[in-house]
Amino acid sequence: MDIYTSQPEKKRKREGLPSLMRLTIFLTCLWATSLLYGEMLSYWVPLSTCSWPHLPSSSSPDDRHFKIAVVADPQIMDSTSLGLSQKSFLLELVQFYTDLYMRRAFHSTILPFRPDKIFFLGDQFDGGPYLSDEEWQDSMSRFKHIFGLNEQRSNSYIPIHYLSGNHDIGYSAYYTQHPEVISRYEKEFGKRNYNFSVGKVEFIVVDAQTLDGPKEAKETSSSWDFIQSISKAAVQNPRVLLTHIPLYRPDNTPCGQYRSSPIINQRVHRSAFEQGITYQNYLSKESSDLLLSKIKPILVLSGHDHDQCTVTHSTPFGPVTEASKLHNYWYEKHTLGTASWQQGNLYPSFMLLSVSSGNSSSVSNDDTNHLASAQLCFLPMQTHIYIWYLCQALVTIVLLATWPTNGFSSSGYVGKSFEFIKTAWQNFTAKVKEKNDDEDCEYEMVWDAEGTMHLIKKAASRVNSSNADTRTVARGNAVSRATARKHQQDVTVEMGNQTLLEDPRLSSVKSNVSRGIQRLIRVVKLVVVIAAVNVPLYMMLLFKDWIER
């Protein structure tokens, strides 16, 4: 290293140190802010942007509203989800972050609304029909942990009602061959066809997976027998129908403003021999019409689609909607989207449903839709949060690697820019001054021997000392050049043959490699400093939301 430039170089590095320190502190605070928002504060946003829907003012003013939180398709992941072995690290990692998201959403977003009841619209599991008993129990334990079913909550006990989904028991072509999956489901979640009342509204739960199965099948006939019994019973209260699979809708039917994915048209697949269902998007038109005519609901809630959809169903007794706000028989259809960020929807959601407890006899037929109203609420967009983390990590590394070592001194990038601007301005002002001096000069007229007139600039009154200065400067430069030349010769003599043999290009390559290694070491050190603050913070946020309460 050149002994005549090493000390100034060290001085510039010391001057640049505060600049790197400020950058490191800024990035550390930025990461802490991002982690606090992404891992905690984002789950509080729906508390201020979403609220329980108000029933129309035509209902009784002293009417108490029952509050129901509705969750669809949590579909907790298992070995059938990604085709990975049950004990693989990648599967466990995906399961952990998926479970953690839903646990946070349930405890930090849904429960703070203090619902009176909670509905799960089916597909609690992902590969439920195909899991062994051991895997089923493992998934059941995870489900209870995610939604706090084993925990002693500070608030009072909240009743939970479940629907069966195709990912819980399969379609008719499967459970007719494996009836044990139904008994296993009912042992943990209860009956698949049942009814209950909330206030003055009756809720009808129907196992939609069985409705389009073979008519002679036991489970299909059992579900239609239940529907028939409900149809014969006296209708004392308005009814709300709950089915996992949505009711039929024509192809390309618009799904409203909250739909985030393309419309999926009807697809029905049947097995070759028994004609059992192996897959379907919606119930068939025949089953949907028969179900509506038997139940005569004022509202239908469903899941299965993993995305939001709003459609009005016309029936002989008036229109029926599959969710959302109801007023004056203009109903919005809203099939509820999934509550998981890993199920193909970037905008997970849940629903807040208000149900009147007033006496339905005081409400006319035209006002029965005033007894229930729903509001769609969105959960944090977890995919966007992870993309933000990735982009922030790339920006952090780029800044740490390219930030000037000497800060913003005159030899730095910004300093050089200011020096260039300053030099350009000085040159410009010098030219303007020279032009102005020419304009301010006095001229005199002189005639030559031939009688031609010439304008000649008058001599300056003051003595121009520039020549003396120039001589002095020139002399000084000469002395400097001579001294520098002598000094260079001395250095050459001291260095000996090494200076003569050294290749300038090789020296430049070595210098670049050395600077690159130094920058890499600097980046690693500063990343360690940033991580030393934020990794413990991140781990604390993870364990805070994961441990039992």
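The values are calculated or read from the model by the stated rules, or taken from the named source; none is laboratory data. Just so it is clear, the structure is predicted and the values come from calculations on it, not from any experiment. Cβ coordinates were reconstructed from backbone atoms using ideal geometry, including for glycine residues, and neighbour counts include every protein chain displayed. Note: areas computed on protein heavy atoms with side chains; ligands, DNA, RNA excluded. Shrake-Rupley method; radii C 1.70, N 1.55, O 1.52, S 1.80 Å.
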* Under 7 Å between Cβ atoms, at least 6 apart or on separate chains: pull out the pairs that start in segment 135-151 with a residue that is farther than 14 Å from I118 by Cα and end on any residue that is open to solvent by 30 Å² or more (accessible area, probe 1.4 Å) and in a helix (DSSP H, G or I). => W136/R184; M140/E188; N150/K144
* Structure fact -> Just one listed residue, out of P254, P250, P246, P297, is touching a His at 6+ places or on another chain (Cβ under 7 Å), part of a loop (DSSP other than H, G, I, E, B) and not acidic (D, E), and it is P246
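Does L91 satisfy the criteria of being out of contact with any strand residue (DSSP E or B) (no Cβ under 6 Å at 6 or more places or on another chain) and modelled with pLDDT under 95?
yes
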* Would you be able to tell me the number of residues in segment 94-121 that are touching a strand residue (DSSP E or B) at 6+ places or on another chain (Cβ under 6 Å) and not acidic (D, E)? => 6
* Structure fact -> Given (1) at pLDDT below 90; (2) in contact with a Pro (Cβ under 8 Å, 6 or more places away or on another chain); (3) not aliphatic (A, V, I, L, M), P254 misses just (2)
* Options R259, R270: the member that is in contact with a strand residue (DSSP E or B) (Cβ under 8 Å, 6 or more places away or on another chain) and without any contact (Cβ under 8 Å) to a residue 60 or more places away in the chain -> R259
* Within segment 105-131, count every residue that is open to solvent by less than 10 Å² (accessible area, probe 1.4 Å) and within 21 Å of the chain's Cα centre (by Cα). => 4
* **Subset of segment 132-143 [more than 25 Å from the chain's Cα centre (by Cα) and part of a helix (DSSP H, G or I)]** => D133, E134, E135, W136, Q137, D138, S139, M140, S141
* **Residue that is farthest from P297 (Cα to Cα), among those in segment 232-255 that are touching a Lys or Arg at 6+ places or on another chain (Cβ under 8 Å) and surrounded by 15 or more Cβ atoms within 10 Å (Cβ to Cβ)** => C255
* Asked: Which residue, of V206, V300, V201, is modelled with pLDDT of 95 or more and either hydroxyl-bearing (S, T, Y) or crowded, with 22+ Cβ neighbours inside 10 Å (or both)?
  -> V206
* To do: Report, by residue number, each residue of segment 511-548 that is exposed (fewer than 11 other Cβ atoms within 10 Å of the Cβ), under 27 Å from K144 (Cα atoms) and modelled with pLDDT under 90.
  => F543, I547, E548
* Inspect segment 82-94 for any residue being surrounded by 14 or more Cβ atoms within 10 Å (Cβ to Cβ) and assigned to a helix (DSSP H, G or I) and give the result as yes or no. => yes
* Residues of segment 281-294 satisfying the condition of being crowded, with 23+ Cβ neighbours inside 10 Å and touching a His at 6+ places or on another chain (Cβ under 8 Å) -> S288
* Looking at (1) under 30 Å from R64 (Cβ atoms); (2) crowded, with 20+ Cβ neighbours inside 10 Å, can you tell me which one L211 breaks? -> (1)
* Every residue from segment 257-287 that is outside any loop (DSSP other than H, G, I, E, B) and within 25 Å of Q75 (Cα to Cα) -> V268, H269, R270, I277, T278, Y279, Q280
